[in-house]
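Structure first, commentary second.
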Amino acid sequence: MWTANRNRHARARSFQGWRSGIRRVLPWIPGEVITVLADLKARGFQAFLVGGALRDLLLARPPGDWDVATDALPGQVEEVFPDRLVLHTGKRFGTVRVLAGEIPVDVTTFRQEGAYTDGRRPDWVEFKESVVDDLSRRDFTVNAMALDPLAEKLVDPFRGRRDLRRRLIRTVGDPQARFREDALRMLRFYRFQAVLDFRGEAETERVIAQIAAEEPSLLANVSPERIRDELNKLLTGVAPGKGLRGLVWSGLLPIIAPEFTPVVKTPGLMEHLIATVEAIKPEAHLRWAAFLHDLGKPATRIEDDRGVHYFGHEQAGERLAGALLERLRFSRAFQEQVLTLVRRHMFPCDPGMTDTALRRLAAKVGRDALFDLLELRRADIVASGNHCHRAWRILSEFASRIRALLREEKVLTLNDLAVNGHDVMAVLGLAPGPEVGRVLQELFYWVTEDPERNTRERLLQYLEEKREEKSE
């Protein structure tokens, strides 16, 4: 009897803790989102807050997106919100976007899905009447909960809240089935570990490694854009090392990025890249540059009586990184931002460089990229385990000189010159073409030796003298 009473009291305390936990998150749900739920329920429909928003609320994190699940069909949702619809493109898959004040809310009918054979959308969607059926199609238990904030009711059939407390990523049901429905979920398994700083369930990870070894083609139909987005989120997460080490251990990384095949076979190199990612600021272009900066080392490795060398690995790495970023369909601007850092990451970091050399370095890479290079060098030192005072002193002194120079500098690009291409053509009698650019570059180098030369009068005089030399 005493044991039964103790168990009953324990269950009561657990229920009270669960209820108070739900009440703690309610104030964080915007009133506009509550109104969407209330309007659906007022018409007799079920309505639950679901997905990442609910997970983040329970973790006391600010949600990025708001998703509502309902038994109302898409047409019925449109009838409830006739004046607040902002997007219809997902209607055939059950999703209608509703504008709640200024907050977009995706309202989706309870559903089950077929496989994603095109790597983008499910082959078929079947609408359901039960929220549990809807939750059963989701990827991981921490994403498979539903909250009715008006009734203070949490639906958690797969014990997702327990997994949140355990900081565990685990699939809903059979991992084989979940990954065959959508192979991208294998990457999401590691992405959530990186973003949430959770650990992955051992059995789920074992299944991923088995699929990677036996059916690597399963990822072939996943679109490059979806892979890119998952890798972006993983790399910019709070624990990117967890996700990257998982991709390596499972064998997924060489499948989605074959450029890394020789990297993972080179002792210590993959761990160095991961450590550099962990040490650098969590900005996408910096994390990608850290991840890719030594990609060319395996292809350039030579060993002689003086040791191991990687001559030209930055150029080889730029080619490999460029192919990867292009395949993942990054924007041209982002590719150039990352590739500049990969190409230049071996820049001379010498506090004794002349001002002229520093100006030319700044001109080659640009002001912003120069500070990014300093950040990459700092992270590279951390990842190399080179914590000696001399390395830090050299970097610190070099960075101080760069900052001091750039505070005063007014000529960093050709556009900063006091003359332009039209002036060059007028004085030298040139037609538009590469020769004009070469002359402007010559003027630029002349000015970097002494910025006081950058006046229109002195530059035109320089061009006049050049014209006279040419005519002699």
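The values are calculated or read from the model by the stated rules, or taken from the named source; none is laboratory data. Note that this is a predicted model, so its numbers are computed, not measured. Reconstructed Cβ throughout: ideal geometry from the backbone, glycine too, with neighbour counts over all protein chains shown. Ligands, DNA and RNA are stripped out before the accessible areas are found, and what is left, the full protein with its side chains, is counted by its heavy atoms. Shrake-Rupley method; radii C 1.70, N 1.55, O 1.52, S 1.80 Å.
Before moving on, here are some points about what is shown:
- Options VAL342, VAL382: the member that is within 20 Å of GLU278 (Cα to Cα) and in contact with a Gly (Cβ under 9 Å, 6 or more places away or on another chain): VAL342
- Among the residues of this structure, ALA144 counts as one that is out of contact with any Asp or Glu (no Cβ under 6 Å at 6 or more places or on another chain), small (Gly, Ala, Ser) and closer than 30 Å to PRO74 by Cβ.
- Every pair of residues 6+ apart whose Cβ atoms lie under 9 Å, when the first sits in the range 41-55 and is farther than 15 Å from THR95 by Cα while the second is basic (Lys, Arg) and assigned to a strand (DSSP E or B): none
- Sub-9 Å Cβ pairs linking a first residue in the range 440-454 that is of a type in the set (Phe, Trp, Tyr) to a second residue that is outside any helix (DSSP H, G or I) and open to solvent by less than 40 Å² (accessible area, probe 1.4 Å), at least 6 apart or interchain, are PHE444/VAL411; PHE444/LEU417, ordered by first then second residue.
- LEU325 meets the conditions (1) surrounded by 12 or more Cβ atoms within 10 Å (Cβ to Cβ); (2) more than 20 Å from the chain's Cα centre (by Cα); (3) over 19 Å from GLU271 (Cβ atoms) in every case but one. The failed one is (2).
- Answer residue from the range 234-272, given it is open to solvent by 50 Å² or more (accessible area, probe 1.4 Å) and not in a helix (DSSP H, G or I) and is farthest from LEU196 (Cα to Cα) among those: PRO267
- Only a single criterion out of (1) modelled with pLDDT under 95; (2) among the hydroxyl-bearing types (Ser, Thr, Tyr); (3) touching a Ser or Thr at 6+ places or on another chain (Cβ under 8 Å) is not satisfied by SER217, namely (3).
- Check on ALA290, of a type in the set (Gly, Ala, Ser) and at pLDDT 95 or above: yes
- Within the range 18-85, helices (runs of 4 or more DSSP H) holding 2 or more residues that are of a type in the set (Gly, Ala, Ser) and open to solvent by 30 Å² or more (accessible area, probe 1.4 Å): 31-42
- So ASP139, is it more than 27 Å from LEU273 (Cβ to Cβ) and touching a residue at least 40 places away in the same chain (Cβ under 8 Å): yes
- Of all residues in the range 215-233, those that are over 14 Å from LEU244 (Cβ atoms) and part of a helix (DSSP H, G or I) have Cβ atoms under 7 Å from Cβ atoms of residues that are open to solvent by 30 Å² or more (accessible area, probe 1.4 Å) and at pLDDT 95 or above, 6 or more apart or on another chain, in PRO216/ILE255; LEU219/ILE255; PRO224/ARG327; PRO224/ARG329; GLU225/ARG329; ARG228/ARG329.
- Cβ-Cβ under 8 Å pairs, at least 6 apart or on other chains, the range 321-334 side under 18 Å from LEU253 (Cβ atoms) and of a type outside the set (Phe, Trp, Tyr), far side part of a helix (DSSP H, G or I) and modelled with pLDDT under 95: none
- Those helices (runs of 4 or more DSSP H) lying entirely in the range 332-434 with at least 2 residues under 22 Å from ARG287 (Cα atoms) and either open to solvent by less than 20 Å² (accessible area, probe 1.4 Å) or of a type outside the set (A, V, I, L, M) (or both): 332-344, 355-365, 367-383, 389-408
- Contacts under 8 angstrom Cβ, first residue in the range 306-317 being open to solvent by 60 Å² or more (accessible area, probe 1.4 Å), partner assigned to a helix (DSSP H, G or I), 6 or more apart: TYR310/LYS297; TYR310/THR300; PHE311/THR300; GLN315/ARG343
- Single condition GLU129 does not satisfy, out of (1) outside any helix (DSSP H, G or I); (2) under 18 Å from PRO63 (Cβ atoms); (3) open to solvent by 10 Å² or more (accessible area, probe 1.4 Å): (2)
- Qualifying residue in the range 190-203 (condition: under 15 Å from ILE256 (Cα atoms) and part of a helix (DSSP H, G or I)): yes
- Residues in the range 233-272 that are under 13 Å from PHE189 (Cα atoms) and modelled with pLDDT under 95: 0 in all.
- Exclusive hit being assigned to a helix (DSSP H, G or I), charged (D, E, K, R), farther than 18 Å from ARG344 by Cα and at pLDDT below 90, set GLU457, GLU452: GLU452
Quick grid of which residues meet (1) within 30 Å of LEU328 (Cβ to Cβ); (2) more than 24 Å from the chain's Cα centre (by Cα); (3) assigned to a loop (DSSP other than H, G, I, E, B); (4) not acidic (Asp, Glu):
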residue	(1), (2), (3), (4)
ALA151	no, yes, yes, yes
GLY173	no, yes, yes, yes
ALA183	yes, no, yes, yes
LEU187	yes, no, no, yes
ALA213	yes, yes, no, yes
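- A search for C-beta distances below 7 Å between a residue of the range 273-284 that is at negative phi and open to solvent by 20 Å² or more (accessible area, probe 1.4 Å) and any residue that is among the small types (Gly, Ala, Ser) and part of a helix (DSSP H, G or I), counting only pairs 6+ apart in sequence or on different chains, returns ALA275/ALA383; GLU278/GLY241; ALA279/ALA379; ALA279/ALA383.
- Top-ranked residue of the range 155-203 - restricted to ones that are under 18 Å from ILE227 (Cβ atoms) and of a type in the set (Lys, Arg), ranked as surrounded by the fewest Cβ atoms within 10 Å (Cβ to Cβ): ARG180
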